[in-house]
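*Asks:* Please see the structure below; I have some questions.
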Amino acid sequence: MPTLGKNVEYAIHSLVYLIDNPKSETITVRDLANFQNISETYLAKAFTKLKKAGIVKSNIGVKGGYKLARSAEEITFLDIVLAVEGEISFFECNQIRDNCIMLDKENLPWKKDSVCAIHQVMIETENKIKDSLREKNLQWVHNMIRKQYGQEMIDNAQDWFQSNVFNK
């Protein structure tokens, strides 16, 4: 099964740090990458796509950087995946059934706009995955982080950005 690229993981983690960001402040890709010790290049590519999708907005200049364009409740995991990876398909039907030696090639029964049972299962599975990604949003993951690691971790992250980004 295809996997989502690390850009999706980078994007979700980074977007979580923008949730508690003061509304008037932005954070640069460089600062987000440094904080997480991840590739600035990969993160920059992801943020370009996130901006194009309307998930983040940016300011240019000395105080430039990114902030969320919508509330954390409105940004789903599916929004992020589609922004970073584009439209994804988990199955590519190669019409193998058309090659069966037992079939009359001129009168294939499924040529009437239907898909075979195998393809149907794959479509249903893909839809369930997309529904699951649609159900989870940035606020949900922020709440899970708070629950798993405590408010202190969130406070420490905010303090780091306050000291190293906003008060430079």
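What follows draws every value from the coordinates through simple rules; no lab data is involved. Every value quoted in this text rests on a predicted model; they were computed, and no experiment measured them. As a convention, Cβ positions derive from the backbone with ideal geometry for all residues, glycine included, and neighbour counts pool all protein chains shown.
*Asks:* Considering only region 2-10, I want to know if a residue exists there that is polar (S, T, N, Q), farther than 16 Å from ALA72 by Cα and out of contact with any Lys or Arg (no Cβ under 6 Å at 6 or more places or on another chain).
*Replies:* yes
*Asks:* Can you list residue pairs whose Cβ atoms sit under 7 Å apart, with the first residue in region 2-30 being without any contact (Cβ under 8 Å) to a residue 40 or more places away in the chain and the second being surrounded by fewer than 19 Cβ atoms within 10 Å (Cβ to Cβ) and among the charged types (D, E, K, R)? Count only pairs 6 or more apart in sequence or on different chains.
*Replies:* VAL29/GLU40; ARG30/GLU40
*Asks:* I'd like to verify a number: residues in region 1-31 that are assigned to a helix (DSSP H, G or I) and under 13 Å from LYS45 (Cβ atoms), how many?
*Replies:* Of the residues in region 1-31, 7 are assigned to a helix (DSSP H, G or I) and under 13 Å from LYS45 (Cβ atoms).
*Asks:* Which residue pairs have Cβ atoms closer than 7 Å, lie 6 or more positions apart in sequence or on different chains, and pair a first residue in region 73-92 that is farther than 14 Å from SER132 by Cα and in contact (Cβ under 8 Å) with a residue 40 or more places away in the chain with a second residue that is in a helix (DSSP H, G or I) and charged (D, E, K, R)?
*Replies:* Going by the 7 Å Cβ cut-off, the qualifying pairs are ALA83/LYS49; VAL84/LYS49; PHE90/GLU126.
*Asks:* Now for a different question. Could you tell me whether region 43-63 includes any residue that is touching a His at 6+ places or on another chain (Cβ under 8 Å), surrounded by fewer than 16 Cβ atoms within 10 Å (Cβ to Cβ) and within 23 Å of ILE154 (Cα to Cα)?
*Replies:* No, region 43-63 has no match at all.
*Asks:* Take the residues in region 124-158 that are of a type in the set (Asp, Glu) and more than 19 Å from ALA11 (Cα to Cα); name whichever of them is nearest to the chain's Cα centre (by Cα).
*Replies:* Residue satisfying both the conditions and the ranking: ASP131.
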